[in-house]
Amino acid sequence: MSGAGDGNGGSRVLPQAAPQREEVPSWRLLVTLGSTGAIAGLLLVFVYQATQPAIQAYRAMVLRQAVQEVLKGPERWDTLYVVDGGLVQELPAETDPAGLEMVFLGYHEDGQPIGFAITGGEFGFQDIIDLIFGYDPGTKTVTGMKVLANKETPGLGDKIEKDSVFVAEFDGSETPLVGVKSGRATGAANEVDMITGATISSRAVIAIINHRLELLGPMIAAYLEEAN
């Protein structure tokens, strides 16, 4: 018996029908995606809540060390809060301190005030620059400056934190500060030599201090007057 051929004496293979693929209902896809997203979200929340105490404790430690540094080792300090345009040590009832701005008043061993440690942040060249500085309202001078966080250009803008000469310039400088380019200083007590190649970052540090004192200076004066 002869079979079907292809004209060349060989057998012809008949094509087979492709297997039918079962379509997945759209609702099942939505349920799967939703469940996966919910699980991922719960994991993120769990990790966030689990790590927050350690993160907050570390930030508090860094802040304590920074206050010590810019106020030159105070014996102790009071935490003051900015409330209704003034500084207070005791908060009104049911006031959450977490969302309030804080200022720190340091004291010598004899109980005499040293000055205030003030935090601030503004845009530099790349991103926000966060810093803390000490301020003596009696002499209207800065007692020290420390950059707490920055994302400025490595090797240039980040010198605002790493350049010890630049950082040391703020110790004893009168306010309001004036930034001057290298080689143009006149010797005035309020001048700060900006870092060559990082003038924007340097100017931002100076502006942060000046702007914070513009805002908080009258509050500090009023607090001291009331305390005396």
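Any read-out appearing in this document is the output of simple, stated calculations on the displayed coordinates, not a laboratory observation. This one's a predicted model, so the numbers in the text were calculated from it and none came from an experiment. When we count neighbours, we look across all protein chains shown, and the Cβ atoms used for this are built from the backbone with ideal geometry, even at glycine.
Being surrounded by fewer than 21 Cβ atoms within 10 Å (Cβ to Cβ), touching a residue at least 24 places away in the same chain (Cβ under 8 Å) and under 18 Å from E161 (Cβ atoms) is a property that does not hold for T141. A93 passes every criterion in (1) among the hydrophobic types (A, V, I, L, M, F, W, C); (2) within 18 Å of T175 (Cα to Cα); (3) outside any strand (DSSP E or B) apart from (2). In region 213-228, the residues that are in a helix (DSSP H, G or I) reach residues that are among the acidic types (D, E) and surrounded by 11 or more Cβ atoms within 10 Å (Cβ to Cβ) with C-beta atoms within less than 9 angstrom, at least six apart or across chains, in these pairs: L216/E101. Screening the candidates T79, T51, T119 for the property of being surrounded by 14 or more Cβ atoms within 10 Å (Cβ to Cβ) and β-branched (V, I, T) yields one hit, T119. Within region 111-131, residues that are within 11 Å of A207 (Cβ to Cβ) have Cβ atoms under 6 Å from residues that are crowded, with 19+ Cβ neighbours inside 10 Å and among the polar types (S, T, N, Q) in these pairs: G124/S201; I129/N150, counting only partners at least 6 apart in sequence or on another chain. Name the single residue, out of those in region 68-90 being in contact (Cβ under 8 Å) with a residue 60 or more places away in the chain and in a helix (DSSP H, G or I), that is nearest to T139 (Cα to Cα). That would be V70.
Condition check ((1) over 15 Å from V167 (Cα atoms); (2) among the aliphatic types (A, V, I, L, M)) across all residues:
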| residue | (1), (2) |
| --- | --- |
| K181 | yes, no |
| A188 | yes, yes |
| I206 | no, yes |
| I209 | no, yes |
| G217 | yes, no |
| A221 | yes, yes |
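Inside region 85-112, residues that are within 26 Å of the chain's Cα centre (by Cα) and under 24 Å from V70 (Cα atoms) make up a count of 14.
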